[in-house]
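The values are calculated or read from the model by the stated rules, or taken from the named source; none is laboratory data. The model shown is predicted, which means the values in this text are computed figures rather than measured ones. When we count neighbours, we look across all protein chains shown, and the Cβ atoms used for this are built from the backbone with ideal geometry, even at glycine.
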Amino acid sequence: MSVNQIYGESPNQFYLNLGKNFFAWMMAKRSSTYNKELGDRKRSLFANLQGKVLEISPRDGSNLRYYPPNIDLIGMEPDLQMHSYLQKQAKELGLNIDLRFGNAEWLDIEDNSVDTVVATLLLCSVPNINYTLQAILRVLKPGGSFLFIEHIAAPEGSLLRKIQNTISPIWKTLADNCYPDREIDIALQKAGFASVNYEYFQVGLPIVSPHIIGVATK
């Protein structure tokens, strides 16, 4: 009897878990450098936040330090284990946060009630990006803004795009349904916002180096 059989784990599951552990280790090694790369961009993007702000999946709270203290902040976080951590972090930063259980597909927010929606590194992993963007449009007030930072597919025909397309099935499995080759920029342009403005930039991450940062207005 093998070790896998003793613990009720198939060989495929064993290698899958091994791959996920390696991926988590690799991303953790890069996270501090990555956060430093994005710091100035976030500071500029979030500088003028005011009124009611909804952040979808704040996760580890890496955006909170860049928020002004006088906003009415709602955090829609699907991982209940993160709620107490986020509450503590918000308190230390002088922020009032209304944490709610939910995700991008289920925004328990009234129509036309939010001044700004914030999402960073979210649209790469939602099951249906078009449905998510429509949900964001629904909750935004007329003239409200969607602020985003996302990694995107490399240009069609490029070597990196070929690598992204090839590795996508493995990457999605290891990275919680993250699509390295999702054309988020195109989806934003087609979603129905009154205007979409963004700029491209590169970060030092393997496979997902192409990024966009910008604002979409309802």
Next item on the list: Output the residue which, of all residues in segment 159-191 that are among the aliphatic types (A, V, I, L, M) and outside any helix (DSSP H, G or I), is modelled with the lowest pLDDT.
Entry: A175
Checklist line | Among the residues listed as T173, T217, the single one being surrounded by 14 or more Cβ atoms within 10 Å (Cβ to Cβ) and within 18 Å of P127 (Cα to Cα) | finding: T173
Checklist line | Residue among F46, F101 that alone is farther than 18 Å from G214 by Cα, in contact with a helix residue (DSSP H, G or I) (Cβ under 9 Å, 6 or more places away or on another chain) and either surrounded by 17 or more Cβ atoms within 10 Å (Cβ to Cβ) or without any contact (Cβ under 8 Å) to a residue 40 or more places away in the chain (or both) | finding: F101
Next item on the list: Find all pairs meeting these conditions: Cβ atoms under 9 angstrom apart; at least six residues apart or on different chains; first residue within segment 51-76 and without any contact (Cβ under 8 Å) to a residue 24 or more places away in the chain; second residue surrounded by fewer than 17 Cβ atoms within 10 Å (Cβ to Cβ).
Entry: R59/D79; P68/A47; P68/N48; P68/Q50; N70/Q50
Note to self: Restricting to segment 135-158, and then to whatever is over 16 Å from the mean Cα position of the chain (by Cα) and not in a strand (DSSP E or B), can you tell me which residue is surrounded by the fewest Cβ atoms within 10 Å (Cβ to Cβ)?
What the structure shows: G157
Margin query: If I go through segment 77-86 residue by residue, how many of them are free of Cβ contacts under 8 Å to residues at least 24 places away in the same chain and surrounded by 19 or more Cβ atoms within 10 Å (Cβ to Cβ)?
Written below: 0
Next item on the list: Output the residues belonging to segment 142-168 that are in contact (Cβ under 8 Å) with a residue 12 or more places away in the chain and among the basic types (K, R).
Entry: R161
Notebook entry, point to check: On the given criteria, is Q89 without any contact (Cβ under 8 Å) to a residue 12 or more places away in the chain and either among the polar types (S, T, N, Q) or within 21 Å of I149 (Cα to Cα) (or both)?
Noted result: no
Notebook entry, point to check: Residues in segment 145-153: is at least one closer than 20 Å to F193 by Cβ, at pLDDT 95 or above, touching a helix residue (DSSP H, G or I) at 6+ places or on another chain (Cβ under 8 Å) and among the β-branched types (V, I, T)?
Noted result: yes
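Matching residues to (1) farther than 20 Å from V126 by Cα; (2) in contact with a helix residue (DSSP H, G or I) (Cβ under 8 Å, 6 or more places away or on another chain); (3) among the hydrophobic types (A, V, I, L, M, F, W, C); (4) surrounded by fewer than 16 Cβ atoms within 10 Å (Cβ to Cβ):
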residue: P169; (1), (2), (3), (4): no, no, no, yes
residue: Y179; (1), (2), (3), (4): no, yes, no, no
residue: R182; (1), (2), (3), (4): no, yes, no, no
residue: A187; (1), (2), (3), (4): no, yes, yes, no
residue: G192; (1), (2), (3), (4): no, yes, no, yes
residue: S195; (1), (2), (3), (4): yes, no, no, yes
residue: E199; (1), (2), (3), (4): yes, no, no, yes
residue: G204; (1), (2), (3), (4): yes, yes, no, yes
